[in-house]
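Beneath this line is the structure, given in structure tokens, with notes to follow.
The values are calculated or read from the model by the stated rules, or taken from the named source; none is laboratory data. Remember, it's a predicted structure, so these values are computed and weren't measured experimentally. Cβ atoms come from the backbone with ideal geometry, glycine included; neighbour counts cover every protein chain shown. To get the accessible areas, we keep the full protein, side chains included, count just its heavy atoms, and leave off ligands, DNA and RNA. Shrake-Rupley method; radii C 1.70, N 1.55, O 1.52, S 1.80 Å.
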Amino acid sequence: MQNIQSIADGIFYVGASDRRLAKFENLFPIPRGVSYNSYVIVDDKTALMDTADASVGGQFLENVAAALAGRGLDYLVIDHMEPDHAAMVEAVLLRWPGARLVCNAKTVPMLRMYFPGNDAAIASALVVKEGDSLSLGRHTLSFVMAPMVHWPEVMMSFESATGTLFSADAFGTFGALDGAIFADEVAFPTRWLDDARRYYANIVGKYGVQVQGVLKKAAGLPIRTIAPLHGPIWRQDLEWFIGKYDLWSRCEPEEKAVTVLYGSMYGNTASAANALAARIAAQGVKVAVHDLSCVDNSEAVAECWRAAVIVLAAPTYNGGIYLPAGELLDDLKALGLHDRVFALVENGSWAPMSGKLMAAKIGELKNCTVLDQKVTVRGRLTAAQDAELDACALAVAAAL
Ligand code: FEO
């Protein structure tokens, strides 16, 4: 059964959701699923804006056909080549062989890579560059290059008659669509925001500078609707979500808050982390506590994007850092987290080293500092360490 919805005059949502996939990119758990958004514009000419992941390919093709209502497809616009959006390019060309590909110069070699055997279609592609436009009738697309948001060939397409920005991965989020496709129809701040932040930090977070560049370009466009490739479509409160993207891409803390992230083998480092969290909360500070062995690394990364101060607590393990904490720090470096304050809790029954090693890794993060008030646990925290805990808690609160 086709399942299309109108999102603006002459523009239809033709995407679909996958609730069976366990991990996005085979890395990031998605218990709420994910949507692969795609759109058809019907005018004198017809255009399909990106395709979809192969997992929803059947539904997607049925939707495209329903939106076209018997008409042919004139253009297939490829804003992003990653297979979660481009997997169905060949299938679309097979079904609508008259469709002309529209892409930029960086997309062409990727099309040849992923779709060998489609040389004629690729050779006749309409290759566009920044500012070029394509008239479909009363709808006109113009193209905004968005390299590294999140691949080098990414571009966005702006449809001027309806003010619709097809924003590629930007403004996307994990989470399947539950019938409603607009952000104003769902409880976005309470049900979606955590997944949107986790998606941003882990998928696009490394490319904050490039996101800032695109936000500046987008500020000059009369945008009324943001149509991303994942998650709900925005037609109200655009400024609120753009504001989140502005904060996230500048890597500014979203909240004046503390996140405590601990690893613990037998509960003793957890006990110290919880005792410290209680003392921080007693300072009137908003605190969250997470066990790094229980949350996915992608959730810990998202917490580091959200909070201003990060308390990292970990035992010493094989002379190094307990793995989940060490891996988190490596990932934060790869993603380019910057401008945060860290407090450390280390544990070691005979040779506590994790504090020194964690500080060294944090030293590789740009503009990140480690508070002097480190807490050192020898096996388990003792009552004699009250003052040590209090000093750390006060320093954390003062750092906000
Ligand atoms: Fe949703 Fe970069 O693909």
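At-a-glance table
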| item | result |
| --- | --- |
| Normalised alpha carbon radius of gyration of segment 158-274 [divisor 2.2 N^0.38 Å] | 1.26 |
| Cross-link table LYS256/LYS374; LYS23/LYS366; LYS256/LYS333; LYS106/LYS366; LYS106/LYS216; LYS217/LYS333, entries beyond 25 Å C-alpha to C-alpha | LYS23/LYS366; LYS106/LYS366; LYS217/LYS333 |
| Unit charges on C-beta of K, R, D, E only; dipole of the chain, Debye | 440 |
| Accessible area expressed per residue, the chain, with surrounding protein chains retained (probe 1.4 Å, Å²) | 40 |
| Accessible surface, 1.4 Å probe, highest first, among residues HIS150, HIS85 | HIS150, HIS85 |
| Descending Cα extents along the principal axes, the chain, whole Å | 78, 40, 37 |
| Fraction of beta bridges assigned by DSSP in the chain that are antiparallel (%, nearest 5) | 45 |
| Reachable aspartates and glutamates, given that their alpha-carbon falls under 15 Å from the alpha-carbon of LYS129 and they are not under 8 places away in the same chain | ASP79, GLU153 |
| Solvent exposure ordering (accessible area, 1.4 Å, most first) of ARG138, ARG198 | ARG138, ARG198 |
| Segment 66-160: equivalent-ellipsoid semi-axes (sqrt of 5 x gyration tensor eigenvalues, Cα, Å) | 19, 18, 12 |
| GNM top mover of VAL295, VAL287, VAL258 - the chain, alpha-carbon springs below 10 Å | VAL295 |
| Apportionment of accessible area to carbon and sulfur, the chain, percent (1.4 Å) | 53 |
| Equivalent ellipsoid semi-axes, segment 209-310, via Cα gyration tensor eigenvalues times 5, rooted, Å | 35, 15, 11 |
| Among VAL375, GLY179, ILE30 - extreme Cα towards positive end, dipole of the chain, charges at beta-carbon | VAL375 |
| Heavy atoms of LYS45 accessible to a 1.4 Å probe, total area in Å² rounded to 10 | 90 |
| Probe 1.4 Å, all protein chains present, accessible-area order of ARG112, ARG279, largest first | ARG112, ARG279 |
